[in-house]
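Below is one structure, written out as structure tokens, with a few remarks after it.
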Amino acid sequence: MPRKIRLTPVRLLVIGYLAVILLGTILLILPFSSKIPGRADFMDALFTTVSASCVTGLILHDTFQYWSGFGQVVILLLIQMGGVGFMTIIFLLLKLSGKKIGLKERTFMQESVSAPNVAGMVKLTSTILLGTLIFEAAGAIVLAFRFVPDFGWGQGIWFAVFTSVSSFCNAGFDLMGARGTPFASLTSYAGDPIICLTVPLLILIGGLGFAVWKDLCDNKFRLRRLALHTKLVLVMTAVMVVVPTAIIMIAERGMPFGDLLLNSFFTAVSPRTAGFNVLDLTSVQTATVFVTIGCMFIGGSSGSTAGGIKTNTFAVLFLSLVSFIRGKRSVECFGRRIDDDNVKTASRFVTLYLLFAALGVVLICLFEQGKGFELTEIVFEVFSAIGTVGLTLGITPSLCVGSELVLSCLMFLGRAGCLTVMLSLRTPSAPAAELPVEKVRIA
């Protein structure tokens, strides 16, 4: 008799993302979802759905020029669901229907937003939904001051809403193909204060993480009372803004200082993990490309709309290295000792992340053999996919079906979490007797 598969919170999370991807693909295949005669190709619909629901932003066709108004609405809904998490939407529907939210639902919600414990999930979910609505609405209002004069009231407001949601959810989808140039992103607004400040601020707020919001609100921004997780996220976020901005300013010098500062700030923030760009990435300096890859690798924070290995994961590993160099037995920070299990989990996650990224690079190199793509372009594309960023050096539309499937899998792994996907496949077994210990030489 076959063993019954237990639906754990981790497995439900993976199944939920797959269900959203299936539904989105079906909707985008409908004849009226695209502007082309007939209907969209299956791979085009699947790739776009994965990219939107995993809040990545890699696209095979320009969003405005290829997809109809209905298709754009579907993409926006996928971005919103992928950003706040499908379990948050289900939680909202249960609350609106008046149904009692039990321990099982709270546990699933906890896994979805990476909350530390199951207590206070109803309040946290309300904070997530209200905060999302406030920030996206505020962003849309500010962006409308730029888009309405450029595109008129109807289209301008729609572009403002779409860009605000895409920015806050760290998705990177845009409708700037309306200007006539496909895949242009926000390059026509380089040096524009409204765009170059509003979009990055939405990205940063969305990338902080829902638990950080709650901690900041509960403690009224009093730094001493904040949790260690919040302190690490805030410090790492500041470092990940200042350092890349400075490097990009040095690399891309040659434009007026005001434009250089705004464009460098935007270019430093977007890879964590939004996918918008105001500089043409095919013509930037090599240093800017590698800084961008580094930002895509680290990403945002746990339990946020962002991807990457997460700022707190990177901070834990860096602090572990510092403790080793200083000869300390434990990892310490802000007067606290970090749990050894956290360090082990961070190491496992980063190892899995890099293994999947390396496999992706190898597979795409094999599939695209003879096309003349440079290794840097492929590495950039892979880290953009698994980091759910959406930036590209221009090779995405030229990839074959095999490479598109590889990138789709990487986007899914990046959003659902490499470790989460692997844990969903693991079958619990009885603990075995411990084997004899033997040391292995390291370095």
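The values are calculated or read from the model by the stated rules, or taken from the named source; none is laboratory data. Small disclaimer: the values here were computed from a predicted structure and weren't measured. As a convention, Cβ positions derive from the backbone with ideal geometry for all residues, glycine included, and neighbour counts pool all protein chains shown. When the accessible area is computed, the model is the full protein with side chains, heavy atoms only, and any ligands, DNA or RNA have been set aside. Shrake-Rupley method; radii C 1.70, N 1.55, O 1.52, S 1.80 Å.
I'd like the carbon and sulfur percentage of the solvent accessible area for the stretch 289-347, probe radius 1.4 Å, heavy atoms only, ligands and nucleic acids excluded. Walk me through the numbers on the way to the answer.
Details: 1660 of 2930 Å².
In the stretch 289-347, the share of accessible area belonging to carbon and sulfur is 57 percent.
Work from the charge dipole of the stretch 265-379 (Cβ charges, +1 for Lys and Arg, -1 for Asp and Glu, about the Cα centre) and give the residue of THR282, PHE356, LEU317 farthest towards its positive end.
LEU317
Apply the a/c threshold of 1.5 to the C-alpha gyration tensor of the stretch 144-303 and tell me whether it is rounded, prolate or oblate.
Since a/c reaches 1.5 but b/c is at least a/b, the shape of the stretch 144-303 is classed as oblate.
Can you flag which of LYS310/LYS371; LYS35/LYS371; LYS328/LYS439; LYS231/LYS344 are past 28 Å Cα-Cα? Could you put the intermediate results ahead of the total?
Working: LYS310/LYS371 33 Å; LYS35/LYS371 30 Å; LYS328/LYS439 21 Å; LYS231/LYS344 20 Å.
Result: LYS310/LYS371; LYS35/LYS371 exceed 28 Å.
Using a 7 Å offset from the Cα along the Cα-to-Cβ direction at both PHE42 and LEU375, what is the distance between the two label points in nm, to one decimal?
Reported label-point gap for PHE42 and LEU375 is 3.6 nm.
Take the Cβ-Cβ distance between ARG179 and LEU261 as r, set R0 to 30 Å, and report the resulting FRET efficiency rounded to the nearest 0.05.
On the way: r = 25 Å, r/R0 = 0.82.
Between ARG179 and LEU261 the formula returns 0.75.
Enumerate by residue number the GluC sites (Glu not before Pro) in the stretch 320-378 meeting two conditions: DSSP loop (anything except H, G, I, E, B), and at most 12 other Cβ atoms within 10 Å of the site's Cβ. Write down the numbers at each step before the final one.
Numbers: sites: GLU332, GLU368, GLU374, GLU377; in loops: GLU368, GLU374.
Those that pass, being in a loop and sparsely packed, are GLU374.
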